[in-house]
1. Look at the stretch 1-29 and say how many of its residues are part of a loop (DSSP other than H, G, I, E, B) and either more than 15 Å from Leu110 (Cβ to Cβ) or in contact with a strand residue (DSSP E or B) (Cβ under 6 Å, 6 or more places away or on another chain) (or both).
2. Go through the residues of the stretch 75-87 one by one and say whether even a single one is at negative phi, of a type in the set (A, V, I, L, M, F, W, C), surrounded by 13 or more Cβ atoms within 10 Å (Cβ to Cβ) and out of contact with any Leu (no Cβ under 7 Å at 6 or more places or on another chain).
3. What are the residues in the stretch 73-110 that are more than 12 Å from the chain's Cα centre (by Cα), over 15 Å from Lys34 (Cβ atoms) and not β-branched (Val, Ile, Thr), if any?
4. Can you go through Ile25, Ile53, Ile36 and tell me which one is touching a Lys or Arg at 6+ places or on another chain (Cβ under 7 Å) and crowded, with 16+ Cβ neighbours inside 10 Å?
5. Determine if the stretch 98-108 includes at least one residue that is more than 21 Å from Leu12 (Cβ to Cβ) and of a type in the set (Gly, Ala, Ser).
6. Just checking: which of the helices (runs of 4 or more DSSP H) contained wholly in the stretch 30-101 hold 1 or more residues that are at pLDDT 95 or above?
7. Out of the residues in the stretch 1-29 meeting the condition of being over 19 Å from Ser114 (Cα atoms) and of a type in the set (S, T, N, Q), tell me which one is modelled with the lowest pLDDT.
8. List the residue pairs whose Cβ atoms are under 8 Å apart, where the first residue sits in the stretch 20-43 and is farther than 19 Å from Ala54 by Cβ, the second is at pLDDT below 95 and among the aromatic types (Phe, Trp, Tyr), and the two are 6 or more positions apart or on different chains.
Amino acid sequence: MAKDKKKTINILNENNFGSEDCILITRTFLIKLKKILILANEFQKTKNIELAIASAKPPIFWKDKEITKTQIYKWTPENLKELIYKCNEIELLIKKNINNSVKIITDFILNQVSSTTNN
């Protein structure tokens, strides 16, 4: 979600995940997207990234704060909502086509990293 294409490709190449893992990956994305959406909305209200991060419940681990800031800066709440809908659609598509699930999730991730719909 930080749109770091090189790092994303490295992670995808280093991991060997199966069809069953794709649903878990999608659900994890949804959870993270919803959390970032809440923080992005708070950031739009306060215009203070530190205050938005501090308002997170549960609190964001100190090691994750910088990447969370990057994600908040790169995604608007509208784009996050759209991505949540897409992620839900991908989850359904994976469940219907479990044999192609690795290709579906990989294409989805690479598509999002390459997209230019950021702030």
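The values are calculated or read from the model by the stated rules, or taken from the named source; none is laboratory data. This one's a predicted model, so the numbers in the text were calculated from it and none came from an experiment. For neighbour counting, all protein chains shown are included, and Cβ atoms are generated from backbone atoms with ideal geometry for every residue, glycine included.
1. First, pick out the residues of the stretch 1-29 that are part of a loop (DSSP other than H, G, I, E, B): 1-4, 15-18.
Subsequent filtering for residues that are either more than 15 Å from Leu110 (Cβ to Cβ) or in contact with a strand residue (DSSP E or B) (Cβ under 6 Å, 6 or more places away or on another chain) (or both) retains 16, 18.
Within the stretch 1-29, residues that are part of a loop (DSSP other than H, G, I, E, B) and either more than 15 Å from Leu110 (Cβ to Cβ) or in contact with a strand residue (DSSP E or B) (Cβ under 6 Å, 6 or more places away or on another chain) (or both) number 2.
2. Yes, that holds for at least one residue.
3. Tyr73, Glu89, Leu92, Leu93, Lys95, Lys96, Asn97, Asn99, Asn100, Ser101, Lys103, Asp107
4. Ile53
5. No: zero hits.
6. On the way: elements: 49-54, 65-74, 77-96.
Once the helices (runs of 4 or more DSSP H) in the stretch 30-101 are filtered for at least 1 residues that are at pLDDT 95 or above, what remains is 77-96.
7. Result: Asn15.
8. Ile25/Phe17
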